[in-house]
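Undergrad: So that we are looking at the same thing, I have put the structure below in structure tokens.
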Amino acid sequence: MKAVTKRIYICLILVVAMIAGMLVYLTRYFKDGDEWVSFPVNRHAYSDGVIALGEITDRNGIVLAEMSRDGITYNENLLIRKSTLHAVGDVEGNIGTGAKEYFATELMGYNPVTGVYSVSDKGNRIELTLDAEVNSKVLAAFEGRKGAAFLYNYKNGEVICMVSSPAFDPENPPETEQLSEERYEGVYINRCISSTFTPGSIFKTATLAAAISEIPDLFEIRFNCEGSIDVDGEIVNCNGVHGEIGIEEAFEKSCNVAFAELSLMLGESVISRSAERAGLTKRMYMSKIPVAVGSYQMPKDKGDLAWSGIGQYKDLVNPIAMARFMGAIANKGKAVNPKIISSVKSNIGVPLYPGYYFSKSERLLNSNVADEILKLMINNVKTGYKNYYGFGSVEGLAAKSGTAETLDGERPHAWFTGVIADDDNPYAFAVIVENAGWGLEQAGRVASVMIEAVIE
Ligand SMILES: [Zn+2]
């Protein structure tokens, strides 16, 4: 009798252990199953370590890349291949933020009930929000120079243009030894997503936001620019001699003397908070992809403080974050997060992953502050930029140029950032051309190509 009882206990222990084991397995299966499937040794989904399922298109259905067991087929047009390279990804998977890598699970169509072959053995179709034609024109406008151009719809979050230069033809990738060459330097980095740069005068928009909130008589103040200002022994030079001016003209002329004085009035804590509220120094995501975070370092003395509000010192910003801030300015202070995925569908057209269809929004500015900045940015175009590249004829265009001195002693980075306050064309953008010189002239030209292509 004793032996029977003992056997029953042993059986019970075994049953309990089995049930526990199955529970652990099922939990992990549902939780991590997609990762097991997208593990590169899975021969159903990968061929020679390269994803072998799915298709990536632009917003108009132009196929950018098609993955199969025979390899990847990119678009037949060279300029489309190059200009969408960073958004799509290269064959080897060196561009980590490319859709092919970042959304491998969505491309394979894994689901925990039926596995990879849920609907077919072809995988899913990801439609990006990008316009391949616009991207092509913008990459060409870089003329081989390095930089980033980003434009998105600030009402619904759709990214229309995301170009990173230099790029290469994914069907003819550079050899390892070529990567140290100037024309391939940092070629695997998507500069829109993963880089931060010295902003120069485009940062004055964040300083202006702080000034409008914190200085009640801002619009009555008269600044006096004699071409430079001595701040505790640090000479802050201006780009001209502007004489006695108000804030509107100081912003339009991008007067360093006026903005040095504003920075001293505001102090580092207020400027830092303004940059953070603007989303320039805070983590953000674009369709789950983390975007590089800019920074505002606390200055050590008054001279550094003056430069920090002018977008120099150690300030850094990311182009996507900057474009989002611009979007908030035209959108009553509310920023819609950019998204790069328009839809994920099975290959017979069934919509999947509903989470990608919506964009979160966040308030970056009070509505009245946003409106005041917008007015001044529209004035920049109407008074200052109107004769450049047809900017004067773009309905609702509001912008700020920047020429950012860099520490490497090379030519400054050229910036042009802004927003179109027009319900028919609700676009916000940021363009940087590295070491290219004067912002309005160099980045302005690339921006004008982008704006014209999008409005078309
Ligand atoms: Zn000045």
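Undergrad: Working out 0.36 nm times the residue gap between N347 and S228, then minus their Cα-Cα distance, what length gain in nm do you get to one decimal?
TA: 36.5 nm
Undergrad: Okay, moving on. If you fit an axis through the alpha-carbon atoms of helix 204-214 and take the longest principal axis of the Cα set of the chain, what angle between them do you get, 0 to 90°, nearest 10?
TA: 80
Undergrad: Within 12 Å, Cβ to Cβ, of Y188, how many net charges do the neighbouring residues add up to if Lys/Arg are +1 and Asp/Glu are -1?
TA: -3
Undergrad: For K300, go through the lysines and keep the ones whose alpha-carbon is under 25 Å away, minus same-chain ones fewer than eight residues off.
TA: Cα-Cα hits under 25 Å: K204, K282, K314.
Undergrad: Cα convex hull of the stretch 51-115: mean projected area in nm², to one decimal? Mind dumping the intermediate values first?
TA: Details: hull surface 19.4 nm².
If you wrap the Cα atoms of the stretch 51-115 in a convex hull and average its projections, you get 4.9 nm².
Undergrad: Which order do the peptides 140-152, 370-382 take when ranked by the mean count of other beta-carbon atoms within 10 Å per residue, highest first?
TA: 140-152, 370-382
Undergrad: Sticking with this one: Quick query: amide H of A421 versus all other amide H atoms, modeled in the peptide plane; which residues come in under 5 Å with a sequence gap of 5 or more or a different chain?
TA: L397, A398
Undergrad: Rounded to the nearest 0.05, what FRET efficiency do K360 and M18 have when you use their Cβ-Cβ distance and R0 = 56 Å? Each step should come with its number before you reach the end.
TA: Values: r = 44 Å, r/R0 = 0.78.
Step by step, r from the Cβ atoms, then E = 0.80.
Undergrad: Using just the Cα positions, wrap the chain in a convex hull and report its mean projected area in square nanometres, one decimal place.
TA: Spelled out: convex hull of the Cα atoms, projected over all directions, averaged, 28.7 nm².
Undergrad: When Rg is the radius of gyration of the Cα atoms in the stretch 250-401 and Rh is its Kirkwood radius, what does Rg/Rh come to?
TA: Ratio of gyration radius to Kirkwood radius: 1.05.
Undergrad: Reported to two decimal places, what Rg/Rh ratio describes the stretch 320-372 when computed on Cα atoms with Rh from the Kirkwood expression?
TA: 1.19
Undergrad: Then there is this: Once R0 is set to 41 Å, what does the formula 1/(1 + (r/R0)^6) return for the Cβ-Cβ distance between S393 and E175, expressed as a FRET efficiency to the nearest 0.05? Mind dumping the intermediate values first?
TA: Working: r = 46 Å, r/R0 = 1.12.
So the FRET efficiency works out to roughly 0.35.
Undergrad: Tell me what the chain gives for mean residue ellipticity at 222 nm when only DSSP H runs of n ≥ 4 count, each as -39,500 (n - 2.57), the sum divided by the residue total, rounded to 500 deg cm²/dmol.
TA: Using -39500 (n - 2.57) per qualifying helix, the result is -10000 deg cm²/dmol.
Undergrad: Next up: Can you list residues whose amide H is under 5 Å from G147's amide H, if they're 5+ apart or on another chain and H is modeled 1.01 Å from N?
TA: S165, E434
Undergrad: So for the pair D424, I8, with labels modelled 7 Å out along Cα→Cβ, what separation do we get in nm?
TA: 8.5
Undergrad: Which angle from 0 to 90°, rounded to the nearest 10, does the C-alpha axis of helix 2-37 make with the longest principal axis of the chain?
TA: Approximately 40 degrees, to the nearest 10.
Undergrad: Modelled label-to-label distance, D371 and N60, 7 Å Cα→beta-carbon offset: nm?
TA: 3.8
Undergrad: List the aspartates and glutamates whose Cα sits under 16 Å from the Cα of K332, skipping any in the same chain fewer than 8 residues away.
TA: Answer for K332, where 16 Å is the Cα cut-off: E362, D371, E372, D422, D423, listed by chain and number.
Undergrad: Now for a separate question. Lys and Arg at +1, Asp and Glu at -1: add these up for the other residues within a Cβ distance under 10 Å of F223 and post the number.
TA: -2
Undergrad: Kindly count the pairs of lysines across the stretch 344-456 whose alpha carbons are less than 19 Å apart, treating pairs on different chains or eight or more residues apart as eligible.
TA: Pairs that pass both the separation and distance tests number 4.
Read the figures in this text as sums done on the coordinates, not as results from a lab. Keep in mind that this is a model prediction, so the values were computed, not measured. Using ideal geometry, Cβ is built from the backbone for each residue, glycine included, and neighbour counts are taken over all protein chains shown.
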